[in-house]
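The values are calculated or read from the model by the stated rules, or taken from the named source; none is laboratory data. Here the structure is a predicted model, which means the values were calculated and not measured. Here the Cβ positions follow ideal geometry from the backbone for every residue, glycine too, while neighbour counts run over all protein chains shown. Remember, those area values only see protein heavy atoms, side chains included, never the ligands or the DNA or RNA. Shrake-Rupley method; radii C 1.70, N 1.55, O 1.52, S 1.80 Å.
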Amino acid sequence: MYPLLFRVVLSRFDSEFAHHAGMAVIRVLGAPPFSWATRAIAAPDPQLQVQALGLAFDSPFGVAAGFDKNAVGVRGLAALGFGHVEIGTITAIAQDGNPRPRLFRLVPDRALINRMGFNNDGAEAASRRLEKLRRRRPKTVIGVNIGKSRVVDVADASSDYVASTERLAPLADYLAVNVSSPNTPGLRGLQAVETLAPLLRAVKAAAGATPLLVKIAPDLPDDEITAIAQLAVAEGLDGIIAHNTTISREGLESDAEVVEAAGAGGLSGAPLRARSMEVLHVVRAAVPSDFCVVSVGGVETATDVQERLDAGATLVQGYTAFLYRGPLWARQINRGLRA
């Protein structure tokens, strides 16, 4: 039924409006008694449990950052069968993000273009929501993705990341440093090893015992990806998330005028599948076998997830295909993995 609903109804709405409407439904599904029925339908098989980062993940498949920016849908996403939820990106200072429209569907490609710009309520608001979630003791692993506040100069990025870390790390199961979004000016420049090393060092010191990962861009040359992966190991990080959205527009099936009209921003979804596998192989070859590698990009089916796991991914995340597959997407993935 969902493909019909998407084609006839949801695709006619503005993409961001449709996302917020969907999130409202997800929030309802996370509250009793709806959550009881949802879990009964979508809970992962216990045999899918994965141990990573010193944590128990109910499934290797989770929600990538960007879907739940403000930690409002964690319980609903958990009920729908995701093994972990990475909230954010959260910035130390609340911000509205870029002007609308800023989220665009490329339906023939099963893809999205976004230039959201880290719109979020800020670290303080996120911490209050996480505190409530912790009191309710959700079983799902909650990762927190942090980024640079737009009003903060790139030269002062470390102190900005540390401010978010100090507030959020004690409430997170793991922390992810986002230096790879294409939608915050100057942010991707922080991926240069000479700049990234002191930033990661400062965040790690502030994070304490909370596992720390770094999220990279797929547009980097392979040698730079290798250098960042080796840096993450050398600095004592716990993992790497490969990867964020791409600024490339190569190989798209959508009409060129539609793509051009969408404008700048990060591309996500099925077109990233091949590059995502390449990046996974590069990262895995550069890090120890017990180093956590989270693969993101172009994941839609259980076969896609299994391919990432077979290629050395510890965990796999998705986001864009939720739009095209619907609310039982994680259930489909988990049942496919179990089979």
Problem set entry | Filter result (out of contact with any Pro (no Cβ under 8 Å at 6 or more places or on another chain), in contact (Cβ under 8 Å) with a residue 24 or more places away in the chain and surrounded by fewer than 21 Cβ atoms within 10 Å (Cβ to Cβ)) within segment 143-153 | V151, V152
For this session: Please specify each residue of segment 156-180 satisfying the condition of being open to solvent by less than 10 Å² (accessible area, probe 1.4 Å), of a type in the set (G, A, S) and within 25 Å of R115 (Cα to Cα).
Result: A157, S164, A176, S180
For this session: Can you run down the residue pairs with Cβ atoms below 7 Å, 6 or more apart or on separate chains, where the first is in segment 56-71 and modelled with pLDDT of 95 or more and the partner is among the charged types (D, E, K, R) and buried (at least 24 other Cβ atoms within 10 Å of the Cβ)?
Result: G62/E86; V63/E86; A64/E86; A65/E86
For this session: Considering every residue within segment 120-136, establish whether at least one is hydrophobic (A, V, I, L, M, F, W, C) and within 20 Å of D238 (Cα to Cα).
Result: no
Seminar exercise, completed: The lone condition A111 fails out of (1) on the phi < 0 side of the Ramachandran plot; (2) touching a strand residue (DSSP E or B) at 6+ places or on another chain (Cβ under 9 Å); (3) open to solvent by 30 Å² or more (accessible area, probe 1.4 Å) is (3)
Seminar exercise, completed: Of the residues in segment 105-141, those that are closer than 27 Å to Y324 by Cβ and either part of a helix (DSSP H, G or I) or free of Cβ contacts under 8 Å to residues at least 12 places away in the same chain (or both) come to V107, P108, D109
For this session: Within segment 31-40, identify whether any single residue is small (G, A, S), surrounded by 14 or more Cβ atoms within 10 Å (Cβ to Cβ) and modelled with pLDDT under 95, and answer yes or no.
Result: no
Exercise. Considering only residues of segment 60-80 that are surrounded by 24 or more Cβ atoms within 10 Å (Cβ to Cβ) and among the β-branched types (V, I, T), which is farthest from the chain's Cα centre (by Cα)?
Worked result: V74
